[in-house]
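Undergrad: Here you go, one structure.
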Amino acid sequence: MTEYDVLIVGGGPAGLSAALNLGRSLARVLVVDADRPRNAATLNSHGFLTRDGVPPSELRRLAREELAAYPNVEIRSRVRVAGLRQTGAGFEAGIGRREATETVTARAVLLATGLRETLPDVPNLRGFYGMSLFSCAACDAWELRGRRLALIGESADLADRARLIARWTESLTVFTHGSDVVSTTEEAELAAVGVAVERSPIVELVGDRGRLDGILLADGVRHDIDGGFVRPEWDSDLSFLDGILPARDDDGHLCTDRSGRTDVPGLYAAGDVAAPGPQQLIVAAGAGARVAAVIVHDTVGVATAH
């Protein structure tokens, strides 16, 4: 049984940033990463200072290369936590590729698992996702500014997301794919700012090699579209928590204080898995750095303003 100061579950920007800062604080750290990032379909990430336009995979590669300089930080790739439980001294975890083949202990655990993404059930949507259809306006709307855009979704906040995306274009159409998630009042409000709503189910997304040209509806209408956004549904897979029940909000995200502490002593969360949910890479990385400092302070019993 190998002992660590901190076990980090998840090797995205939050987890790797936390690992860097914990490593520099002389903590012995293990990062367990299943290598299934939510942004795997994204060709280029944006909004990360000094790395604008860099592929997410390159950001992870650079981070791991930097972490290799710290002998007290260990990264296990394509490995998952099969079970995590509390002990008198902290936590005990079974880890392995499919099932637990090794047991490790840690005084503290940082959950940075990110979220699983479920896209609307629209024909051939995956063929355009990450190339001309995206989920994050702050990340990708600049490249689509001024074009004929679509917003596809079946979530209750679709009208609010439409108001946001309309900032980047004067030609936006909301497609509810047959769902009744935009009320007649919201539709009228959107129409007042030039945003159209189409309620007919989508039959086909038209385009080639990831470039969207149009959207064909069940009522026979075709809309010429140059790109746009999709509203996914997100959920977190924390089934490996064995008898540990940290508080969650109504959307299933982990509730933490402003320093990343959950209501379970020694258990922290950062990145998308923590409320309020999905965030830009640079925000997740900042959250990881913040929580790392808090873990160090909590370990030595120092009050922190973080």
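Undergrad: Rg over Rh of segment 34-167, using C-alpha atoms and the Kirkwood radius, what does it come to?
TA: Numbers: Rg = 19.3 Å, Rh = 18.3 Å.
Over the Cα atoms of segment 34-167, Rg/Rh equals 1.06.
Undergrad: OK, next. Work out how much length residue 1 to residue 121 would gain on full extension: take 0.36 nm times their residue separation and subtract the Cα-Cα distance, in nm to one decimal.
TA: 38.7 nm
Undergrad: For the chain, can you list the cysteines whose C-beta has no other cysteine C-beta under 4.7 Å from it?
TA: Lacking a cysteine Cβ partner under 4.7 Å: 255.
Undergrad: Kirkwood hydrodynamic radius, computed over distinct alpha-carbon pairs, for segment 120-231: how many Å, to one decimal?
TA: Details: mean 1/r = 0.0735 Å⁻¹.
It works out to 13.6 Å.
Undergrad: Segment 158-294: Rg/Rh from Cα coordinates, Kirkwood Rh? Present the calculation step by step, with values, prior to reporting the outcome.
TA: Numbers: Rg = 19.8 Å, Rh = 18.0 Å.
Taking Rh as the inverse mean 1/r over Cα pairs, Rg/Rh reads 1.10.
Undergrad: Something else: Provide 118, 173, 113, 103 in ascending order of the number of other Cβ atoms located within 10 Å of each residue's Cβ, fewest first. Mind dumping the intermediate values first?
TA: Working: 118 10, 173 20, 113 30, 103 14.
Ordered from fewest to most neighbouring Cβ atoms within 10 Å, 118, 173, 113, 103 come out as 118, 103, 173, 113.
Undergrad: When the scattering of the chain is computed by the Debye formula from its Cα atoms alone, each counted once and equally, what is log10 I(q)/I(0) at q = 0.09, 0.10, 0.13, 0.16 Å⁻¹?
TA: Each listed q maps to, in turn, -0.51, -0.61, -0.92, -1.19.
Undergrad: Still on this structure: Please determine, in degrees from 0 to 90 and to the nearest 10, the orientation of helix 13-24 with respect to the longest principal axis defined by the Cα atoms of the chain, where the helix direction is its Cα long axis.
TA: Between the helix axis and the principal axis of the chain, the angle is about 20 degrees.
Undergrad: Something else: For segment 120-231, calculate the relative contact order in percent as a whole number, restricting contacts to Cα pairs under 8 Å that are 6 or more residues apart. Can you show the working numbers first?
TA: Values: 231 pairs, mean separation 38.8, N = 112.
Taking the mean separation of contacting Cα pairs over the length of segment 120-231, I get 35 percent.
Undergrad: Which value in nm describes the separation of the simple spin-label points at residue 170 and residue 26, placed 7 Å from the Cα toward the beta carbon?
TA: 6.3
Undergrad: By how many nm would the segment from residue 206 to residue 89 lengthen if fully extended, with 0.36 nm per residue of separation less the alpha-carbon distance? List each step's numbers first, then the result.
TA: On the way: separation 117, 0.36 × 117 = 42.12 nm, distance 5.73 nm.
Separation in residues times 0.36 nm, less the Cα-Cα distance, equals 36.4 nm.
Undergrad: Something else now. Roughly how big is the chain's charge dipole about its Cα centre, with Cβ charges of +1 (Lys, Arg) and -1 (Asp, Glu), in debye to the nearest 20?
TA: It works out to roughly 1000 debye.
Undergrad: Compute, for segment 136-182, the length of the dipole vector about the Cα centre, with Cβ point charges of +1 (Lys, Arg) and -1 (Asp, Glu) only. Units Debye, rounded to 20.
TA: 240
Undergrad: When the Cα centres of segment 77-106 and segment 255-294 are compared, how far apart do they sit, in Å?
TA: Cα centres, segment 77-106 to segment 255-294: 21 Å.
Undergrad: Once fully extended, how much extra length lies between residue 97 and residue 248, figured as 0.36 nm per residue of separation less the alpha-carbon to alpha-carbon distance? Before the final figure, lay out the partial values.
TA: Values: separation 151, 0.36 × 151 = 54.36 nm, distance 2.74 nm.
This chain segment gains 51.6 nm when fully extended.
Undergrad: Could I have the simple spin-label model distance between residue 72 and residue 105, label points 7 Å from Cα toward Cβ, reported in nm to one decimal?
TA: Roughly 1.9 nm, to one decimal.
Undergrad: Between residue 255 and residue 36, what is the label-point separation in nm under the 7 Å Cα-to-beta-carbon projection?
TA: The modelled label-to-label distance comes out at 2.8 nm.
Laboratory data are not the source of any read-out in this text; all were calculated from the coordinates shown. Because the structure is a prediction, the values reported are computed rather than measured. Cβ: placed from backbone, ideal geometry, glycine included. Neighbour counts: every protein chain shown.
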